[in-house]
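Read the structure below first, then the notes.
Only the coordinates and a few stated rules stand behind these numbers; no lab work does. All of these numbers come straight from a predicted model, not from anything done at the bench. So basically every Cβ, Gly included, is an ideal-geometry build from the backbone, and we count neighbours across all protein chains shown.
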Ligand SMILES: [Ca+2]
């Protein structure tokens, strides 16, 4: 996070400014360093406080996620840095195998709640099985992204969002207020919606093969979520600073 934000700021915030008198230049540089430091601290505090990742290097329950299974769970293994969840091989459509975190919070103004997962669905039986569920804090609301081979749907819309089957895709959920949200697929906005209410779910983010009566083979390269500064607010701060600097 820190690296990314700083990388965004530096090219904008460090233009050549040789015409400033020496003393003023020093003052400007001190201000700039102060601003970058302050911003860096802010970003660090926010991001470090709340940025949860699963990278597929170990089973999720060994990395702070809670595993829930039904009917014995799925067969699963780690392969090329990804978790493979195979609920087809167990031969019981009732079997489920999911992983969850409960630390889902609301972003403050100027922040963005982001959840991103890179996954590939290899097989699919009966109905939607590979899911990502996000449930927000009070007022309770939830939403479910459900993957099929060539599309995904959002419960309870059912309007298919197409994807190329058999390939890895990056799904990214973004919300400023935990009400309206945008879903991006491979970086392109693909769907806009709102959390479903009422909900019986307490705050959580869960992924895995979750449906009883359906089965699938899903691969999860990573699942990451948390709160980040809105790119636009970081940009505005920088532009504002440069404008003041230009006038000074
Ligand atoms: Ca991975």
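Can you tell me the FRET efficiency between residue 62 and residue 232 if r is taken as the Cβ-Cβ distance and R0 is 35 Å, rounded to the nearest 0.05? Write out the running numbers ahead of the final one.
Values: r = 37 Å, r/R0 = 1.06.
Efficiency computed from Cβ-Cβ geometry: 0.40.
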Q | Average projected area [Cα convex hull, region 56-125], square nanometres | A | 6.1 nm²
(Q) How much length would be gained if the chain were fully extended between residue 182 and residue 168, taking 0.36 nm per residue of separation minus their Cα-Cα distance, in nm to one decimal? (A) 3.1 nm
Q. If you line up the Cα atoms of region 125-208 on their principal axes, what length do they span on each, largest first, in Å?
A. 37, 28, 19
Q) Over the alpha carbons of region 52-229, what is the largest minus smallest coordinate on each principal axis, giving the biggest first in Å? A) 46, 33, 32
